[in-house]
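Beneath this line is the structure, given in structure tokens, with notes to follow.
Derivation of every value follows stated rules applied to the coordinates shown; laboratory data play no part. Only a predicted model underlies this, so the values are computations on that prediction, with no experimental measurement involved. In this analysis, Cβ positions are derived from the backbone assuming ideal geometry, glycine residues included, and neighbour counts consider all displayed protein chains.
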Amino acid sequence: MAFYISTVILLLISIFTSHVYSYCIQGPLTSQRTKFGNVNQFCEYNNIKVLPGSSFKLATPDCIECKCSTQGLQCCGFGFSAGVVEAPEGCEAYNDACNLVFVKKDNPSELCFPPKSPNKPKKNMKDVKNKKIAN
């Protein structure tokens, strides 16, 4: 189910935007010596200390998923925080519980959709039937 939702969100982002730049950050693995001489290693994000091998996901407004390894901390935004988004003309991005939605600039309570592309002219079936297929 999560894969399906992620796929739909990515599809919507690709349809409704012309530019998306990913958002990920990295941080070091920190070492601290205890008063008894033991070494404590951890990653830290906004005063949250996490042991190597751990991960966490923060909800709105952060919308970020982090993993701590012996190499350090890696965090990537998801949903609304997945990256910098260029909204369609007349629309603006809105964070709806970490889901990226577009609303109209002049009426933020209304969803915004990009203009439809012009329809391609349909082929006349009589023309298709009369064409000979080259072998």
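A simple spin-label model places pseudo-atoms 7 Å from Cα toward Cβ; at Ser31 and Glu110 they are separated by 6.1 nm.
Other residues with beta-carbon under 15 Å from the beta-carbon of Ser81 carry, at +1 per Lys or Arg and -1 per Asp or Glu, a net charge of -2. FRET efficiency for the pair Val39 and Ala59, taken as 1/(1 + (r/R0)^6) with r the Cβ-Cβ distance and R0 = 25 Å, rounds to 0.15. DSSP loop (so not H, G, I, E, B), at most 16 other Cβ within 10 Å: list which GluC sites (Glu not before Pro) in segment 43-97 pass both filters. When the GluC sites (Glu not before Pro) of segment 43-97 are filtered for loop state and at most 16 Cβ neighbours within 10 Å, Glu86, Glu89 remain. Counting only residues at least eight positions apart within a chain, or on another chain, the aspartates and glutamates with an alpha carbon under 15 Å from that of Lys49 are Glu65.
With K and R counted +1 and D and E -1, the other residues having a Cβ less than 11 Å from that of Glu92 yield a net charge of -1.
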